[in-house]
Amino acid sequence: MQQDKVAVGPWDASSKVPRVTLAFWIVKILATTLGETGGDALSMTLQLGYAVSSLIFLAFFCVTLAGQITSKRYHPVFYWAVVVATTTVGTTTSDYMDRTLGLGYVKSSIMLFCTVLAVLVAWHYSMGKIGFDCITTKKNEIFYWVTILVSNTLGTALGDFVATSTGLGFERGALVFAGLIALVAAAHYLTSLPDSVLFWSAYILTRPLGATLGDTLTKPHTEGGLALGRITSSLVIAVAMIVLIALTSRRERIQEPAAHISREL
C-alpha cells in the first residue's frame, strides 16, 4: 500500500470530501464523541438495547449515505451527517459484538482491525491507490465510506479496551489516543510516510479518542466519568459541530474565489 508522497495542491472543487485542515480534525473528534454519547443515549438511556439501536442507526446511515452519494459535490451537511451516522452505528454495533455476543474487546478489536486492513488492501488493489483528500468517483467513495464505517466500529472497541480492560480509565485512555494522534501528526512533518497512511491512521485513532472522551463526559463518578448525561452532552456536542462546520464552510466560500483569481493571475 505504499505510494509516493506528493504535495497537496489546490482543493479540487469536484471532490466529495472536505479539505483536510485543523478544523476538519476538530469536527471529526466532535463527531466521534457525539457518536459515543448518542449511541449510548439510545441503547442505554432510552433502553432500546444494542441490537435495536444498531438497526436504527444503520437505517440512519443508509439514508444519509444515499444523500451523500447522490450529491454531485461536497456538501457539509451530507458529509458530516454520514460521519456521525457511522460513529453511532459503530458504537452500538461494537457494543453488541463485545457484550451481547460476548466476543470481548480484544477479539472484536482484532477482527475489526483485520477488516479495516482488508478493505484498504482491496481499495489499493482495485483503484491503484488509497484516497482521502480527493474523492471524485463512485467506487472510491464506496471504499471511503466502508473504511470509515468499519474503522469507527473498531475505534469503539479499542477505546473500551484501553479504558476498561487495561484499567487506565477514560481520562487517561483519552490521553493515550491523543498522544498517538500527536505522533501521527509529527510523522506527517518529520517523515516521508505516505499521506494516505498517516491520514487513515489518524482517522482511526480519532474514534477511540472520541469514545473515551464521550465516556469521560457521561459515565457516573463511580466509574471515573463526569456524569453529565448522555442526551444533554449529545445536544451540546451537536451544536458545537454545527457552529464549527458553518463557520468553516463560510470561510471557504469566501476564500475560494480569491484563490481562483490568484491561480489565474
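Largest GNM mean-square fluctuation across Arg250, Arg99, Arg230, computed for the chain with C-alpha springs under 10 Å, falls on Arg250. Our helix-only sum for the chain, with -39,500 (n - 2.57) per DSSP H run of n ≥ 4 divided by its residues, gives a mean residue ellipticity at 222 nm of -25000 deg cm²/dmol. Counting Lys and Arg as +1 and Asp and Glu as -1 over every other residue whose Cβ lies under 15 Å from the Cβ of Phe143, the net charge comes to +2. Placing pseudo-labels 7 Å out from each Cα toward the beta carbon at Trp25 and Ala66 gives an inter-label distance of 3.6 nm. Summing +1 for each Lys or Arg and -1 for each Asp or Glu among the other residues whose beta-carbon sits under 13 angstrom from that of Gly173 gives -2.
Computed about its Cα centre, the charge dipole of the chain is approximately 480 debye, with only Lys, Arg, Asp and Glu carrying charge at their Cβ. Only helices reaching 15 angstrom along their own axis (Cα) with mean Kyte-Doolittle hydropathy no lower than 1.0 count here, and for the DSSP H runs of the chain these are 50-70, 104-127, 169-190.
Any read-out appearing in this document is the output of simple, stated calculations on the displayed coordinates, not a laboratory observation. Because the structure is predicted, anything quoted here is derived from the model rather than measured. When we count neighbours, we look across all protein chains shown, and the Cβ atoms used for this are built from the backbone with ideal geometry, even at glycine.
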